[in-house]
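Below: one structure, written as structure tokens.
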Amino acid sequence: MKVKIFKESDLKDCIDKVKNELGEDALIISTKKKKEDDGKEYFEIIASNSENEFDILSELKKELVRLKDLLIIRTEFNNLLNKLIFDEEVLNLYLTLLKKGVCNEYLLDILEEENILSKIHDKRYNCKALFMNALYDKIEVENGYQIMDKPKIIALVGTTGVGKTTTVAKLAAIYMLNKKRNIGIISIDNFRIGAKEQIGKYADIMGIPFFQAFTHKDLNDSINYLSQMDIILVDTAGQSQNDKNKLEYLRRLFSYNHNLDIYLLLSVSSDEAVLLDTIDKFSPLRFKGYIFTKVDEAISHGKILNILIYKRKPISYITNGQDVPEDIEVADKEKILNIILKGKIKNGNQD
Ligand SMILES: Nc1nc2c(ncn2[C@@H]2O[C@H](COP(=O)(O)OP(=O)(O)OP(=O)(O)O)[C@@H](O)[C@H]2O)c(=O)[nH]1
Ligand SMILES: [Mg+2]
């Protein structure tokens, strides 16, 4: 809706001007005869291009509702701050989490669950510790992969470019070099040109057996060839979360293999709404947990906590750069909270 003020010494000229600019259906909001400082008279018309009066009224109504909501939020927020101000540490923690993009509703729930607002005046309680512990409780981690039955099959899935292939290479390297495990790699990325070369090159450098699978039978055959390995890592093609066919293809490919754990990779540098949508669209694959990637590229990391609270699943690893194998860390609660609060795992340069 466009509202404009028109001025002319002649009323008809003024109306013509309104119609020329805002069209025949222009809505006249007011017409006044006014005087300039030098006493010269003129007409002032305030008009809008809105098609009917109801548009303006409904716009005004919406704006009023929004202002009322804002007033309520502000009053509630002030009340909350007036209480939190008695414990500066709790107040700072709350404000930092808000600033990092953690959803206020979740924070209010935590404060309420822990009764922090009523304990804040009581010296017997360390409210910051209570708050921190409640935050740790919301973060579920898997602390690396436990290998019970050999071979443990781990498939990485996610949207295009999220870091699946690089993460497969990082995992292969750390499990082989640090944990002295036998590793095999299978790629079922048959959609992208060069996919085989990319992961095949990593496998070659590390001397790891590598197979490519296109069908369910290929996958089973490759798993059989690699049955003596401790871990088989499966790299998959990037899927748009909106490409139902490719997601269904993957779901069917994996559906008969009960010994396989699927992990969904989520890039922290993506928008939170996109990540939540990705989680929903990939849920038919029944993935076991998350790997958060590109922690180093993200500007705000509060979305990690929002996702863990809203779509509760464990995180197994976080990746924070392009270097193979250095830029990967096994997830632990303290690291994740550090990332959320400071944007870094320990003493990196971020934030
Ligand atoms: N900054 C940063 N870059 C990363 C990270 N992980 C991967 N990358 C980069 O992201 C780009 C894509 O990585 P890939 O591993 O090829 O991603 P992918 O999910 O296999 O991609 P598709 O197979 O095409 O879907 C590469 O340039 C990687 O070096 C990370 O943690 N941080
Ligand atoms: Mg890839």
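The values are calculated or read from the model by the stated rules, or taken from the named source; none is laboratory data. Predicted, not measured: the structure shown is a model, and the values here were computed from it. Positions of Cβ are backbone-derived with ideal geometry, glycine not excepted, and every protein chain shown enters the neighbour counts. All accessible areas refer to the heavy atoms of the entire protein, side chains included, with ligands and DNA or RNA removed. Shrake-Rupley method; radii C 1.70, N 1.55, O 1.52, S 1.80 Å.
Okay, residues lined up against (1) free of Cβ contacts under 8 Å to residues at least 60 places away in the same chain; (2) surrounded by fewer than 18 Cβ atoms within 10 Å (Cβ to Cβ):
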position: Phe292; (1), (2): yes, no
position: Glu297; (1), (2): yes, yes
position: Ile304; (1), (2): yes, no
position: Pro325; (1), (2): no, no
position: Lys335; (1), (2): yes, no
position: Leu341; (1), (2): no, no
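Within the stretch 100-123, the set of residues being without any contact (Cβ under 8 Å) to a residue 60 or more places away in the chain and either closer than 19 Å to Ile139 by Cα or in contact with a Ser or Thr (Cβ under 8 Å, 6 or more places away or on another chain) (or both) comprises Asn104, Glu105, Leu107, Leu108, Asp109, Ile110, Leu111, Glu112, Glu113, Glu114.
Considering each residue of the stretch 78-95 in turn, none proves to be more than 30 Å from His121 (Cβ to Cβ) and either free of Cβ contacts under 8 Å to residues at least 12 places away in the same chain or assigned to a helix (DSSP H, G or I) (or both).
Look at (1) within 16 Å of ligand 2 (Cβ to nearest atom); (2) assigned to a loop (DSSP other than H, G, I, E, B) and you find that Ala169 fails only one, number (2). Given the condition assigned to a helix (DSSP H, G or I) and either closer than 30 Å to Ile208 by Cβ or not assigned by TED's automatic domain parsing to the domain that holds Leu265 (or both), answer yes or no: does some residue in the stretch 149-162 qualify? No, the stretch 149-162 contains no residue that is assigned to a helix (DSSP H, G or I) and either closer than 30 Å to Ile208 by Cβ or not assigned by TED's automatic domain parsing to the domain that holds Leu265 (or both). Annotation note: of Ile304, Ile291, the sole residue that is under 14 Å from the mean Cα position of the chain (by Cα), among the aliphatic types (A, V, I, L, M), modelled with pLDDT of 95 or more and in a helix (DSSP H, G or I) is Ile304.
For the stretch 46-96, a residue qualifies if it is among the acidic types (Asp, Glu), more than 30 Å from Ala134 (Cβ to Cβ) and either open to solvent by less than 60 Å² (accessible area, probe 1.4 Å) or modelled with pLDDT under 80 (or both), and the qualifying residues are Glu51, Glu53, Asp55, Glu59.
Filtered by the rule that a residue be under 25 Å from the mean Cα position of the chain (by Cα), buried (at least 17 other Cβ atoms within 10 Å of the Cβ) and part of a helix (DSSP H, G or I), the stretch 97-121 gives Leu97, Tyr106, Leu107, Ile110, Leu111. Criterion applied to Lys61, Lys17, Lys68 was being in the same structural domain as His121 (by TED's automatic domain parsing) and more than 32 Å from the chain's Cα centre (by Cα), and the one residue passing it is Lys61. Residue check: Ile193 meets all listed conditions (1) within 12 Å of ligand 2 (Cβ to nearest atom); (2) modelled with pLDDT of 95 or more; (3) not hydroxyl-bearing (Ser, Thr, Tyr) but one, namely (2).
When Gly161 is tested against (1) open to solvent by 10 Å² or more (accessible area, probe 1.4 Å); (2) away from ligand 1 (no atom under 16 Å from the Cβ), exactly one condition is not met: (2). Residues satisfying the criterion are present in the stretch 183-203 (criterion: free of Cβ contacts under 8 Å to residues at least 60 places away in the same chain, in contact with a strand residue (DSSP E or B) (Cβ under 9 Å, 6 or more places away or on another chain) and of a type in the set (Asp, Glu)).
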